[in-house]
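Q: Just passing along the structure, written as structure tokens.
Read the figures in this text as sums done on the coordinates, not as results from a lab. Not measured: the values here are computed from a predicted model. Glycine also receives a Cβ, built like all others from the backbone with ideal geometry; neighbour counts cover every protein chain displayed.
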Amino acid sequence: MFTTRLSADALDRLQERVRERMRSAGLDALLTDAPEDVAYLTGFFHHPCERPVAVWLGADGGAVLLVPELERENAERQEARAEIVSYAEFPGVVPPFRALASRVGRAGRVGYSTGMTWERQHAAFAELSVGEAVPTPIVTVARYIKLPEEVALHAEAARITDLMLEAGVALVRESITAGAALPTEAELASHVGGVGVSTMYAEHDDVIVVSPLAGGLVYAGANSAYPHGLPSGYRLQAGDTFMLSLGCAVGGRFVEGERTFVLGEPSTEQRRYHDAVRLAQEVGGRAIRPGRECRNANRNCLDVIRDAGLGEYLRHRQGHGIGLGMHEPPWLEDGDETPLEAGMIVSNEPGIYIPGHAGYRISDSMLVTADGSRSLTAFPRDLDSCTIAL
């Protein structure tokens, strides 16, 4: 069975990575309530709701996990890499953050995650005794570079994403062979998601459930011209362009893999669109390498589409970071100067969207390596491989 949880040693290394950054920034402690940060630092995954869950990390050692009492057993069962402190309920006769304040005492300069809401900041620092509270993206930036153990989780998610793509194509082909009605977008989406989830439960030890665990967007014909359109009851038809935009999370680590297919012999127009996106994705993949700024990789990728005379159909950037979130920084976009570094995982997903016709997008999750990058997902990208004969 594949093990989906990071070891205590790996979690210790992740905490120390953040502590090093804290010390460089002159921080005595750090507070974060982002669910992905909590999972990153302690290995504890939970269902976010109105009840605060937060991690206090000391620059010189020690981690404290604040949870509602109803989550204490979950945290213990997951062997959270922190001292667990709980509060009774929310909003509570006793404010939840008072339990944390009673444990950590006074601190000097404390950083807090930039995504923390004003309401949560107010509730926390009304109870905590700190000299100065400053917003910081330290944990977010630390998450850019993956440990080898994290890369292994992403690679397994990529394997399953490829299986989901294969399952989607197989369902369409089975319908054609049987002379049955082609599946609807919703039926395809349900099928591929089920394949992903069932594979995990059959082959993984202690599945970590996040949202979404496996699945994605499935759309055909004119519906696929909406970049983030949701699956509908539309039934695939001969001649359609259709897209399987899929992904899953293993050990809480995401991967996405997207392919655009044609049902039947592609028209000259369909071939032109698909080939332009495939070439842009190929060039974009070569542009993803250490030292390359995200904005420059994005420009290299999308200029292929502009040079093909299809720039009017662009709707989005080349890609984004992937980790404990399906979408997270850095951003492969003109406004992000972040240099790519070995150990980052980013999406490479150029696309064009032609109103009234279809959308064309090809996406892989790319691991930045010491001398370039490599795709974690492997399903074929060329149009001949993505044509389903009728």
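Q: Multiplying the sequence separation of LEU390 and VAL151 by 0.36 nm and subtracting their Cα-Cα distance, what value in nm do you get? Mind showing how you got there, number by number?
A: Numbers: separation 239, 0.36 × 239 = 86.04 nm, distance 3.89 nm.
Net length gain for the segment: 82.1 nm.
Q: To continue, here is another question. When Lys and Arg each count +1 and Asp and Glu each count -1, what net charge do the other residues less than 15 Å away from THR260, Cβ to Cβ, add up to?
A: On the way: positive: ARG259, ARG271, ARG272, ARG278, ARG315, ARG361, ARG381; negative: GLU185, ASP240, GLU256, GLU258, GLU269, ASP275, GLU282, GLU349, ASP364, ASP382, ASP384.
Surrounding charge for THR260 is -4.
Q: Using a 7 Å offset from the Cα along the Cα-to-Cβ direction at both ALA10 and GLN121, what is the distance between the two label points in nm, to one decimal?
A: Here the answer is 3.4 nm between the modelled labels.
Q: Starting from the Cα-Cα distance between SER198 and ALA170, subtract it from 0.36 nm times their residue separation and give me the gain in nm to one decimal.
A: 8.4 nm
Q: Using the per-residue mean of other Cβ atoms lying within 10 Å as a proxy for protection, in what order, highest first, do the peptides 319-325, 371-377 fall?
A: Top to bottom by mean Cβ count within 10 Å: 319-325, 371-377.
Q: If I take R0 = 41 Å and measure r between the Cβ atoms of GLU20 and TYR226 in this structure, what FRET efficiency does the formula 1/(1 + (r/R0)^6) give, to the nearest 0.05? Working shown, then result.
A: Working: r = 44 Å, r/R0 = 1.06.
The pair GLU20/TYR226 has a calculated efficiency of 0.40.
Q: Taking the Cα centre as origin and putting +1 on Lys and Arg beta-carbons and -1 on Asp and Glu beta-carbons, what dipole magnitude results for the chain, to the nearest 20 debye? Walk me through the intermediate numbers first.
A: Working: 36 positive and 53 negative charges, 101 e Å.
Dipole about the Cα centre, nearest 20: 480 debye.
Q: Can you give the local net charge around MET22? Use residues other than it whose beta-carbon is closer than 11 angstrom to its beta-carbon, Lys and Arg +1, Asp and Glu -1.
A: Numbers: positive: ARG17, ARG19, ARG21, ARG23, ARG109; negative: GLU16, GLU20, ASP28, ASP60.
Once positives and negatives cancel, what remains is +1.
Q: Which three numbers, in whole Å and largest first, are the semi-axes of the equivalent ellipsoid of the chain derived from its Cα gyration tensor as √(5λ)? Mind dumping the intermediate values first?
A: Details: eigenvalues 348, 109, 63 Å².
Listed largest to smallest, the semi-axes of the chain are 42, 23, 18 Å.
Q: Same structure, new question: How many percent of DSSP beta bridges within the chain run antiparallel, rounded to 5?
A: On the way: 44 of 62 bridges.
The antiparallel proportion sits near 70 percent.
Q: If the only charges are +1 at each Lys and Arg Cβ and -1 at each Asp and Glu Cβ, what is the size of the charge dipole of region 6-141 around the Cα centre, to the nearest 20 debye?
A: On the way: 14 positive and 20 negative charges, 69 e Å.
Using Cβ point charges on Lys, Arg, Asp and Glu, region 6-141 gives about 340 debye.
Q: Restricting attention to region 194-290, which chymotrypsin sites (Phe, Trp or Tyr not before Pro) occupy a DSSP loop and are surrounded by at most 15 other Cβ atoms within 10 Å? Before the final figure, lay out each step's value.
A: On the way: sites: TYR201, TYR219, TYR234, PHE242, PHE254, PHE261, TYR273; in loops: TYR234.
Answer in residue order: no site qualifies.
Q: Roughly how far apart, in whole Å, are the Cα centres of region 79-122 and region 180-196?
A: Going from one Cα centre to the other spans 43 Å.
Q: Mind telling me which of PRO95, PRO35, PRO330 comes out most flexible in a GNM of the chain, alpha-carbon contacts under 10 Å?
A: Top of the fluctuation ranking is PRO95.
Q: Once you list every other residue whose beta carbon is under 14 Å from the beta carbon of SER175, what net charge do they have if Lys and Arg are +1 and Asp and Glu are -1? Intermediate results must be reported in sequence, preceding the final value.
A: Working: positive: ARG173, ARG235; negative: GLU174, GLU185, GLU187, ASP240.
Once positives and negatives cancel, what remains is -2.
Q: Going through region 16-110, which trypsin sites (Lys or Arg not before Pro) have at most 12 other Cβ atoms within 10 Å and a DSSP loop state?
A: Working: sites: ARG17, ARG19, ARG21, ARG23, ARG72, ARG77, ARG81, ARG98, ARG103, ARG106, ARG109; in loops: ARG81, ARG106.
The qualifying sites are ARG106.
Q: Based on DSSP H runs of at least 4 residues, each adding -39500 (n - 2.57), what is the mean residue ellipticity at 222 nm of the chain after dividing by all its residues, to the nearest 500 deg cm²/dmol?
A: Calculated at 222 nm, the ellipticity per residue is -11500 deg cm²/dmol.
Q: Of all beta bridges DSSP finds with both residues in region 6-141, what is the antiparallel percent, to the nearest 5?
A: Values: 8 of 22 bridges.
Close to 35 percent.
Q: Put +1 on the Cβ of each Lys and Arg and -1 on the Cβ of each Asp and Glu in region 240-390; which of ASN348, ALA308, LEU367 then has its Cα farthest toward the positive end of the dipole?
A: Working it through, the farthest residue towards the positive pole turns out to be LEU367.
Q: Contact order normalised by length for the chain, with contacts defined as Cα pairs under 8 Å and 6 or more residues apart; what percent is it?
A: Relative CO of the chain lands at 15 percent.
Q: Give the calculated FRET efficiency between LEU70 and GLU265 to the nearest 0.05, with a Förster radius of 45 Å applied to their Cβ-Cβ distance. List each step's numbers first, then the result.
A: Values: r = 58 Å, r/R0 = 1.29.
Given R0 = 45 Å and the Cβ-Cβ separation, E is 0.20.
Q: Full extension from GLU50 to GLN237: what is 0.36 nm times the residue separation minus their Cα-Cα distance, to one decimal in nm?
A: Values: separation 187, 0.36 × 187 = 67.32 nm, distance 4.46 nm.
Going from the current span to full extension adds 62.9 nm.
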